[in-house]
Amino acid sequence: MKKQVILLAIAAAFFSCTSDKEISGGKDIGNLHLSLEKPKPGDSLDLSYISPDNTEEVIARYIYYIENKMHTEDINFIEKGENNWKGAIKVPDSASILAFYMKTGNEIDNNNHKGYITPLFTTDGKEVKGSGITKGIYYNSIKKSYELDIPQDSILSLMKNDLIKYYDLNDIWQVTYLNLLKKDNPEEAKTYSEERIKVISNKDSITEKDYQALSNIYYINKDMAKRDSITALAIEKYPIGAFAENSYLSKFFQVKTLPEKAHTLKVYHENYSDVNNYNYLLSALANLHYKANNMDSLTYYADKITDPTKKASLYNQIAWPIAESNETTEYSLNISKKSLDLLKSEMTDLTFKPDYYSTNQYKDNLESSYEMYADTYALLLFNNGNLEEALKYQKIAVGEGKQPDINERYMKFLVANKKYDTAVNVAADFITENMYTESLVDYYKSAYEVKNGSLDDFETTLESLKNEAEKELIAELKKQVLDKLAPDFTLKDKDGKTMQLSALKGKTVILDFWATWCGPCKASFPGMQRAVDKFADNDDVVFLFINTMEQGDNRINDVTSFIDKSNYSFSVLFDELESKTGTYTVANSFNISGIPTKIIIGPDGKWKFTNVGYSGNNDKLLKEIENMIKISQS
């Protein structure tokens, strides 16, 4: 039977600034063959992909830009021979580039760090207008995530050349280009800013889009006085335009009382037609009424929300804290079930799919949300004594078993339902896959004893499972080793004492980049404290918590107060803001775009690992940190 490709559209793909190999009848880009050497907007394009390994599945999609809007579509590949996949697409009219994303099994094919992209061409064989700048914009959005080896100055050069060649493109891309240019070349950014301000200001008629551009240019240059002045002018000239709309959005959150918020929402709805913003405000107001115990008003505003995903999210936000407190109310059960019904309906209708998602990615995101909300509903059912129904929904919540906390609840519900054989089997899988908590092990122990009549072999069995898990974890982590020279830096602590990274050579250094406004950063700190405690007596391991992406006149005092009140024994350093570029020096040197991010540096001074985000499980975090340290020292 032919193997169909399941295509998920995640908003990222690859492309190459280098020339592609051209062959008769088409063009090769790495493992991907295009039937046309110079595809044009509107063309039908046959695709052939040679997967780098024997796989049951290839996940693929194509991405294109029409002016400054990104669109993503699935590719339906069918295998036509071993590792040879065939498909076809219709190149969209008015598109400027095509980028392709290919994933085989668990591995992303990034074309040897060059990516997959082709410009589109005119009938006379020239690249279409805007292909250079959209290459640059798209590349910049995925460069760090997919480790492509294309220098930033090459990206800016692509953009700059198009802006010079097609001067009117500046009206579309000026703010985006300036924002990127300022980080790389502040002096050139200053010149470009002055030029664009002069051009816009000298127009015979300044549109609201022009005002928006001026406002953003002043914001990027941190000239808030001129930005505020432009905003006031724009609101006066366009009293129901975009600036006025943004002011109403801000006012909604600035006014204090519920009647004031209701009035602001009413005026907003009477004057503006943005459905996404209106749904967002409705959800916010409904949630506030819930917190004030105004249930009729909650229902009134929730019923007005037209986007089923936003309404489902509101219901889950209300229901989850109730479930987590080991309580259940009839109302919480009702709205939690509604959240699932809403998502199930949208999985069929797909009415609110954004253009930047493909159909399959949107469905995948809906399914992920459905699993998360099923976890809420299952816990509410369990708290209410409906054990069998709770188990049914918790099994759905488990999905692929990648969330240890959800797996733990599944084990709890299996044991409560006396499904001991199933509990023993799934627990073994969770443990060997490193997707378990210590409480899950306790449930496993209870089920094991009932199933086997004793605990005689339990510890031996558990040790074997954990050893297998550690072996798998180490093997996976070894694939992630970067082994590149870590950039040196010197930062100060709260007392002004300096710390230089290179002075710690010979030790394993864990850098944790964080900020007090970052919820996941703070949620990971109990696990990080356990890691600090674990290695407290090991002088060869150093933890440095680098506060970054945070401003404020009282930054040092606020950060120190948070650490002290939380009783964390962390060594905190303060990343420095580069005024010309608006970036934070050390975070930028490690290519960090989001936090929390942990960097592990070996005794040889080499950058070994980058760990981004927080899974929500501190047991898993501790195991990862321990093994990354072990590998770094080997």
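Being among the small types (G, A, S) and closer than 13 Å to Y116 by Cβ is the filter here, so list the residues in region 49-71 that pass it.
Matches in region 49-71: A60 only.
From the list I50, I89, exactly one residue is over 26 Å from I150 (Cα atoms) and of a type outside the set (K, R). Which is it?
I89
Taking the options D341, D364, D375, name whichever one is of a type in the set (D, E, K, R), farther than 28 Å from E73 by Cβ, in a helix (DSSP H, G or I) and open to solvent by 40 Å² or more (accessible area, probe 1.4 Å).
D341
Residues that are crowded, with 18+ Cβ neighbours inside 10 Å, within 23 Å of the chain's Cα centre (by Cα) and not acidic (D, E), at least 1 per element: which helices (runs of 4 or more DSSP H) completely within region 385-444 meet that?
Result: 387-398, 404-416.
For region 479-492, how many residues are touching a Lys or Arg at 6+ places or on another chain (Cβ under 9 Å) and open to solvent by 30 Å² or more (accessible area, probe 1.4 Å)?
Within region 479-492, residues that are touching a Lys or Arg at 6+ places or on another chain (Cβ under 9 Å) and open to solvent by 30 Å² or more (accessible area, probe 1.4 Å) number 6.
If I ask for residues that are farther than 18 Å from F352 by Cβ and either open to solvent by less than 60 Å² (accessible area, probe 1.4 Å) or in contact with a strand residue (DSSP E or B) (Cβ under 6 Å, 6 or more places away or on another chain) (or both), which ones from region 271-283 would you list?
Within region 271-283, Y272 is the sole residue that qualifies.
Can you find even one residue in region 175-186 that is open to solvent by 10 Å² or more (accessible area, probe 1.4 Å) and outside any helix (DSSP H, G or I)?
So far as region 175-186 goes, yes, one or more of its residues are open to solvent by 10 Å² or more (accessible area, probe 1.4 Å) and outside any helix (DSSP H, G or I).
Go through region 577-588 and give me each residue that's of a type in the set (D, E) and at pLDDT 95 or above.
Within region 577-588, none qualify.
Would you point out which residue out of E449, E459, E463, E476 is within 28 Å of the chain's Cα centre (by Cα) and open to solvent by 60 Å² or more (accessible area, probe 1.4 Å)?
Unique residue meeting the criteria: E476.
Checking the structure you have, find out if any residue of region 120-138 is over 27 Å from S48 (Cα atoms), outside any loop (DSSP other than H, G, I, E, B) and touching a residue at least 60 places away in the same chain (Cβ under 8 Å).
Among the residues of region 120-138, not one is over 27 Å from S48 (Cα atoms), outside any loop (DSSP other than H, G, I, E, B) and touching a residue at least 60 places away in the same chain (Cβ under 8 Å), which makes the answer no.
Can you list residue pairs whose Cβ atoms sit under 8 Å apart, with the first residue in region 201-226 being acidic (D, E) and the second being surrounded by 15 or more Cβ atoms within 10 Å (Cβ to Cβ)? Count only pairs 6 or more apart in sequence or on different chains.
Hits for this filter: E208/A234; E208/Y238; E208/G241; E208/A242; E208/F243; D210/I200.
Find the residue count for region 90-115, including only residues that are in contact with a Ser or Thr (Cβ under 7 Å, 6 or more places away or on another chain) and either outside any strand (DSSP E or B) or open to solvent by 10 Å² or more (accessible area, probe 1.4 Å) (or both).
So the count comes out to 6.
To keep it simple, each residue is scored yes or no on (1) within 21 Å of the chain's Cα centre (by Cα); (2) farther than 21 Å from K534 by Cα.
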{"residue": "M549", "(1), (2)": "yes, yes"}
{"residue": "D553", "(1), (2)": "no, yes"}
{"residue": "V559", "(1), (2)": "no, yes"}
{"residue": "N567", "(1), (2)": "no, no"}
{"residue": "S571", "(1), (2)": "no, no"}
{"residue": "A587", "(1), (2)": "yes, yes"}
{"residue": "N618", "(1), (2)": "yes, no"}
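Would you mind telling me which numbered condition in (1) charged (D, E, K, R); (2) under 21 Å from the mean Cα position of the chain (by Cα); (3) at pLDDT 95 or above E624 fails?
In the conditions (1) charged (D, E, K, R); (2) under 21 Å from the mean Cα position of the chain (by Cα); (3) at pLDDT 95 or above, E624 misses (3) alone.
State yes or no: is A523 among the small types (G, A, S), in contact with a helix residue (DSSP H, G or I) (Cβ under 7 Å, 6 or more places away or on another chain) and touching a residue at least 12 places away in the same chain (Cβ under 8 Å)?
Here the answer is no, as A523 does not meet what is asked.
Would you mind telling me which numbered condition in (1) of a type in the set (S, T, N, Q); (2) assigned to a helix (DSSP H, G or I); (3) more than 20 Å from F609 (Cβ to Cβ) T581 fails?
(2)
Among the aliphatic types (A, V, I, L, M), at pLDDT 95 or above and within 17 Å of Q394 (Cα to Cα): does that describe A323?
yes
The values are calculated or read from the model by the stated rules, or taken from the named source; none is laboratory data. Keep in mind that this is a model prediction, so the values were computed, not measured. As a convention, Cβ positions derive from the backbone with ideal geometry for all residues, glycine included, and neighbour counts pool all protein chains shown. Ligands, DNA and RNA are stripped out before the accessible areas are found, and what is left, the full protein with its side chains, is counted by its heavy atoms. Shrake-Rupley method; radii C 1.70, N 1.55, O 1.52, S 1.80 Å.
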